[in-house]
Amino acid sequence: YAGGVVHLHKTRASGLNAIMLKDPDILQYGTNIYNVGLGLCVEYDSRDFPQNAYRGGYASASIVSYGKWLGSDVNYYLADIDVRRYFPLGRVGKTIAFQAKADCVFGDDANRLTAFKGDL
């Protein structure tokens with residue numbers, strides 16, 4: 001499958017502890033961030049049952065551009081890769097699964113996002 005991605009995201013941090021209030025990224029960029037992104041996604045899915053797979057695989061790759069030209073507060077790109085593989089083990093209901101996942105952020109304002117790592 002292939003398709004488009006639209007991502008709208010707003011982060012408003014509040015109730016920060018004293019250490020976070022002194023964080024250089026918080027002091028420089030604040031605690032209210034708005035992101036709008038457009039991108040592309042490609043997926044392949046051969047799992048026998050997506051909600052609880054016993055065999056097969058899944059792969060997904062996407063890249064999303066966040067920019068001030070879209071109304072975002074920052075300019076950056078987010079690339080995401082997710083690969084999973086499922087192998088049945090002898091008896092029905094037993095399986096072993098592997099997953100490899102990477103989220104990469106890059107661009108002009110990528111450093112600004114370090115204060116909001118939990119949102120990516």
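The values are calculated or read from the model by the stated rules, or taken from the named source; none is laboratory data. Note that the coordinates shown come from a computational prediction; the quantities given were computed from them, not determined experimentally. We place every Cβ from the backbone using ideal geometry, glycine too, and count neighbours over all the protein chains shown. Heavy atoms of the whole protein, side chains included, go into the accessibility calculation; ligands, DNA and RNA do not. Shrake-Rupley method; radii C 1.70, N 1.55, O 1.52, S 1.80 Å.
For the stretch 1-51, the square roots a ≥ b ≥ c of the C-alpha gyration tensor eigenvalues yield an a/c of 1.5 or more together with a/b exceeding b/c, which makes the shape prolate. For the chain, with all protein chains present and a 1.4 Å probe, just round the carbon and sulfur fraction of the accessible area to a whole percent. Summing carbon and sulfur atoms, their accessible area is 58 percent of the total for the chain.
Taking each residue as 0.36 nm, the span from residue 60 to residue 8 lengthens on full extension beyond its C-alpha to C-alpha distance by 16.7 nm.
Probing with 1.4 Å while keeping every protein chain in the model, the per residue accessible area of the stretch 36-99 equals 62 Å². Given 33, 63, 96, which one lies farthest toward the positive end of the charge dipole of the chain, if we put +1 on the Cβ of every Lys and Arg and -1 on the Cβ of every Asp and Glu? It is 96. The modelled label-to-label distance between residue 51 and residue 89, using points 7 Å beyond Cα along the C-beta direction, is 2.4 nm. Assuming charge only on the beta carbon of Lys and Arg (+1) and of Asp and Glu (-1), the dipole of the stretch 1-56 about its Cα centre is about 160 debye to the nearest 20. Read through the labelled values (1) 34, 17, 12; (2) 23, 14, 13; (3) 36, 19, 11 and report the label of the one computed as semi-axes √(5λ) of the Cα gyration tensor in Å from the structure. Entry (3). Distance from the C-alpha centroid of the stretch 4-50 to that of the stretch 52-91: 15 Å, rounded to the whole angstrom. Mean separation of Cα pairs under 8 Å and 6 or more residues apart, divided by the residue count, gives the chain a relative contact order of 21 percent. Each residue, residue 68 and residue 18, gets one label point 7 Å from its Cα in the Cβ direction; the gap between the two is 3.6 nm.
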